[in-house]
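A short write-up of the structure that comes next.
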Amino acid sequence: MLWHFYQEHPDFGFHVALFPNLGDKLYPGGEGELARVIAWCIDHDAIPHNHFYMHPRLDLTEPRWIPVEAERNDVYLRELLSMVEREDLISYMGNLIALPYSVWPNSKARRDALLSYVSPEGV
């Protein structure tokens, strides 16, 4: 919808941050279609970032699993781009994370686990 609006109103601009969690839902067209959609999004300045693999509640997640969930999402996103031979798009992604349920980790150990996460590219 945003893309179509932008086509009709180019002065509006089109820059989107997306925060998918790739492990808890199936994409209707399957994995290959999801990979093509992600590549299209990045090509059109709709950049996917991290929202964790299974959308965990960070206030209930053991600290050691927080970076694992983030990494699983990042790794799978990169695998999807590899499926469509678009590894060149990986450089457009940084290390932005959206908190599931907008819930901040409720302990120092959980916050430290979140804040110390490093993307596969070392960001």
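The values are calculated or read from the model by the stated rules, or taken from the named source; none is laboratory data. Remember, predicted model here, so these are calculated numbers, not experimental data. As a convention, Cβ positions derive from the backbone with ideal geometry for all residues, glycine included, and neighbour counts pool all protein chains shown.
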Seminar exercise, completed: The condition from (1) crowded, with 18+ Cβ neighbours inside 10 Å; (2) out of contact with any helix residue (DSSP H, G or I) (no Cβ under 6 Å at 6 or more places or on another chain) that L81 misses is numbered (2)
Exercise. How many of the residues making up region 83-95 are farther than 20 Å from M54 by Cβ and outside any helix (DSSP H, G or I)?
Worked result: 4
Exercise. Across region 19-64, what is the number of residues that are surrounded by 13 or more Cβ atoms within 10 Å (Cβ to Cβ), in a helix (DSSP H, G or I) and of a type outside the set (D, E, K, R)?
Worked result: 9
For this session: Inspect all residues belonging to region 96-111 and state whether any of them is buried (at least 17 other Cβ atoms within 10 Å of the Cβ) and in a helix (DSSP H, G or I).
Result: yes
Problem set entry | Condition check for P120: without any contact (Cβ under 8 Å) to a residue 60 or more places away in the chain, touching a helix residue (DSSP H, G or I) at 6+ places or on another chain (Cβ under 9 Å), part of a loop (DSSP other than H, G, I, E, B) and surrounded by fewer than 17 Cβ atoms within 10 Å (Cβ to Cβ) | yes
Exercise. Mind checking whether some residue in region 28-49 is at pLDDT 95 or above, touching an Asp or Glu at 6+ places or on another chain (Cβ under 9 Å) and β-branched (V, I, T)?
Worked result: no
Seminar exercise, completed: Across region 1-38, the tally of residues that are within 13 Å of L77 (Cβ to Cβ) and among the aliphatic types (A, V, I, L, M) stands at 6
For this session: Determine, yes or no, whether R57 is over 22 Å from E121 (Cα atoms) and in contact (Cβ under 8 Å) with a residue 24 or more places away in the chain.
Result: yes
